[in-house]
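A quick write-up on the structure given underneath.
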Amino acid sequence: MADQIYNAVFIGSIYALFALGFTLVFSVLDILNLAHPALFTLGAFTALFAMQQGVPAALAVLVAFVVCGAAGVILDRVAFAPLRRRNAPPLSAMISSIGVSLILIRLIQLQYGPDLQAYPAGALPAAVFSVGGLELDTLRTVIIGLAIGLMLALTYLVRSTRLGRELRALAENPRAARLLGIDVDRAIAATFFLSAGLGGIAGALYGFATNSPFSQMGQSFELKAFSVMIVGGMGSIPGAVLGAYLLSFGEIASLTFLPSELRDAFAFGLLFVVLLVRPRGILGQRDVDRV
Amino acid sequence: MDGLQQFFDAYQTTIGFIGLNAMLALSVWLTLYTGQLTLGNAAFAGIAAYGSALLTMKAGYPFPLALACGALLAAAVSLPLGATVFRLRGVYLAIATLAFGEVVRVAILAIPITGRGQGLVGIPPKTELWHIFASLLVIAYVCARLRISTVGRAWAAIREDELAAASQGIPVRRYKLAAFVLGALIAGWAGGLGAHFDFAIQPDEFGFARAVQILVFAVVGGIPNVFGPILGALLFTALPAVLQPLQEYRDIFQGVILVLVIVYLPRGLATLLELRRTARLRTVGAEDVA
Amino acid sequence: MLLETSGLTKRFGGVVAVNAIDLAIAEGQVFGLIGPNGAGKTTLINLISGHLRADGGAIRFADADVTRLRPDQLARRGIARTFQSIRLFKGLTVLENVLVGRYVRSRSDALASLVPFRDAARPERERARLLLERVGLGKRAGAFAGELAYGDQRRLEIARALAAEPRLLILDEPAAGMNPTESAALREMLRELAAEGITIVLIEHDVRLVMGACERVAVLNFGRKIAEGPPAEIQADPAVREAYLGVADDA
Ligand SMILES: Nc1ncnc2c1ncn2[C@@H]1O[C@H](COP(=O)(O)OP(=O)(O)O)[C@@H](O)[C@H]1O
Ligand SMILES: [Mg+2]
């Protein structure tokens, strides 16, 4: 039981990190960035590459953050900025991001092939310790702590810093934001850097935990992340965190009444029900449907 | 003559898939033309593929009847689904239909008779190329004629401005539902044909990736008329075969084309076919779907 | 009475945009609705056309309770309208806009259209062309609605509404953005329509247009009806002068 809760907290933390980046771009720009899973994968492989060069794991996570963040900014310049300039609707950006995703995943495959990889032996902490009879491994525990720290940091950043205020103004009304003298281009670049960077860290951490990064690893997270965002409220940061843990605990709980091959059905069933009953999600504030 | 025969033999599968994909692209075109982004058509194809294949394999149904039953099954599922999800719009609608697709995929994995993860193997190969292209012709014709009928005008009006469309007396929800169900029927027909073309089917063939691929056919091809989706399906199905020598870089080509088309030909390749002065306004594409 | 509202009320959060409005509009009447910006005029007609749900009160149209009907149901019963913020089908041609406006009057030709080479929509197109001639847009039939000049867009919206051959035509500030010539032409057209017996509700800031065209005028202010009567009476009413005519200049 305690073991399962520990597991739920771990997987929920990864869901949350993944979904936070996803939701950040959506809340600021109304774009569903379908290249986010590819950035997640890129994070895992950037860390792998760095560690193969002898960089320690902790530093490799930082490298993944920076590389993916930069990739996110480039992605925006290439695939989204031209669309934004002519006021194209969200669907165009979504399709464009699918194109980028195809390219990114293939580039990773060209380097590493389609199969499961492993991090260099001994590069990851393998220690196990026990608390009150519960066996915990150092790696996962550190990951959980790091993930929660990042969530708090992002929340602080969005709530209480100048950049956060700018992002919120931009999300509310881009034109007004420009009139208020906000450097919109810089704010958008920051959004993509943070979003993709978080996605990259999530990928690296998940890669560590499973020690088997592979080129399609982002895919199942993408679908789960839709569920997380809808349940918590599209574009809401606390909503994404809440949704992530609700989903991970729900999935674990569902195993007691669903056969394990139906585990994934839980996420989509939940998503579906929330959409129909309360489309704005638990913490969502936007009106989904306004005349 | 011999050369042509050889060409057909060599590319039989690819040619068949062009036709099947074109039908699927048309199935999603119906809702896109109405301004609605739905991603359920891969799942509808899957429902019909499994349904019809099981009917021919286990129940001994004649092929055409099994096809019809599969397509009707897909349409029957789409009706209550559409009735519930069309209160949503934009990404919410897209995600809801996507979630439905995943539920279908997981359900197929859970039902023993489908062969689960291994897939359903040994489907009698009843589908001939001419079945596929005759179906495509009929479907494209129906879609093209509907487009210029009162129904097509109502769909276009809903796409342009839902509220104003309702003010003209158009029952908006009913028209959206009609486009959705008709799309499911077409996707189902294509799914059944595909199942009997391919010997085996697997749940993953009808998942998220497939749904997105179908959308890409239609959007890259263009939504102003029925030629767009067909063109998109042709391009993205033939390209991998043509690029066989460059297989490793195939996805990169596709990705680059996708981005280029969206950025430079926002209303799809069909824009290239319409070189009228007002082509920019005339044509409809991703730009018009919320 | 063709249209009656009783105690019609609509709130937006704390704002009572429409507050217990009683109206009675006779068949064939041209009825003016005036009031300062934000008085609740648009909200009132959104209630009547079914785009908003009332929080209280009732609407009767042609002797039936229509309070809870949807816009498309009301359109089928004969209510047509234009929008203050023009809502044309911008990506469709001028002619197609009018054809969509004919929706309630034309039979579905979905099946007929499947017959090869048959042009099922032909009679409807002829009618639509006539209507376009009438509003002076005959030459622009093939243009896209979004390409038209502002005044032309307003006229096209009226043509689209007329295409349904409505019993009640609601016009929300049809002269806004029109130049004096266009506005005069509009006045002329309203007179013709009235002569044909169409019931019209006209919201307008152009006092000359309202006073010239309407048989009866109601004045709204802060969601309430503060006066109703023939135009001359309304112009003389001190409450109206204070509430409305006083601010008319900046409207
Ligand atoms: N959708 C809405 N949501 C919130 N408030 C609204 C909405 N529509 C109108 N209002 C408010 O209702 C009041 C009446 O507006 P409106 O009917 O547009 O006035 P008018 O047409 O007379 O200028 C205004 O205070 C306006 O701000
Ligand atoms: Mg108004």
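The numbers here are math on the coordinates, done by the rules we state, and not lab data. Bear in mind that the values here come from a model prediction, so they are computed numbers and not experimental data. All Cβ positions, even for glycine, are placed from backbone atoms using ideal geometry, and neighbour counts span all protein chains on display.
Could you compute the net charge surrounding B:Val256? Neighbours are other residues with a C-beta less than 12 Å from the C-beta of B:Val256; K and R count +1, D and E count -1.
+1
Put a dot 7 Å past the Cα of C:Arg60, heading toward its Cβ, do the same for C:Val207, and the two dots end up 3.6 nm apart.
Computed over the alpha carbons of the stretch C:140-251, Rg followed by Dmax gives 15.3, 50 Å. Across peptide A:242-251, the average count of Cβ atoms from other chains found within 10 Å of a residue's Cβ is 0.
Projecting label points 7 angstrom from Cα along Cα→Cβ for C:Asn179 and A:Ile282 puts them 6.1 nm apart. Taking all Cα pairs closer than 8 Å and separated by 6 or more residues, the relative contact order of chain A comes to 34 percent. Pairwise Cα distances in the protein assembly as shown exceed 38 Å in 49 percent of cases. Which of B:Gly16, C:Phe31, B:Tyr175 sits farthest toward the positive end of the charge dipole of the protein assembly as shown, with +1 on the Cβ of Lys and Arg and -1 on the Cβ of Asp and Glu? Value computed over the given set: C:Phe31. By the count of neighbouring beta-carbon atoms within 10 Å, fewest first, A:Val78, A:Val131, A:Val277, A:Val25 end up ordered A:Val277, A:Val131, A:Val78, A:Val25. Close Lys pairs in chain C (alpha-carbon distance under 21 Å; sequence gap of 8 or more, or different chains): 4. Hydrodynamic radius of the stretch B:11-289 by the Kirkwood approach over all distinct alpha-carbon pairs: 18.8 Å.
Evaluated with a Cβ-only charge set (Lys, Arg +1; Asp, Glu -1), the protein assembly as shown carries a dipole of roughly 920 debye about its Cα centre, given to the nearest 20. Can you give me the angle between helix A:218-232 and the longest principal axis of chain A, using Cα atoms only, in degrees from 0 to 90, rounded to the nearest 10? It works out to around 60 degrees. Report relative contact order for the stretch B:11-289 in percent, whole number only (criteria: Cα-Cα under 8 Å, sequence separation at least 6). It comes to 33 percent, rounded to a whole number. Working from Cα pairs under 8 Å separated by at least six residues, relative contact order for the stretch A:107-200 is 12 percent. FRET efficiency for the B:Leu72 to B:Ala209 pair, using the beta carbon distance and R₀ = 30 Å, is estimated at 0.70.
Taking the Cβ-Cβ separation of A:Val55 and A:Arg159 as r and a Förster radius of 30 Å, what is the calculated FRET efficiency to the nearest 0.05? Before the final figure, lay out the partial values.
Details: r = 33 Å, r/R0 = 1.10.
My answer for the efficiency is 0.35.
Restricting the stretch C:19-109 to trypsin sites (Lys or Arg not before Pro) that sit in a DSSP loop and have at most 14 other Cβ atoms within 10 Å of their own Cβ leaves C:Arg53, C:Arg68, C:Arg107.
With R₀ set to 25 Å, the beta-carbon distance separating A:Glu261 from A:Asp3 gives a calculated FRET efficiency near 0.70. Relative to the longest principal axis of the Cα atoms of chain A, the long axis of helix A:57-75 lies at roughly 30 degrees.
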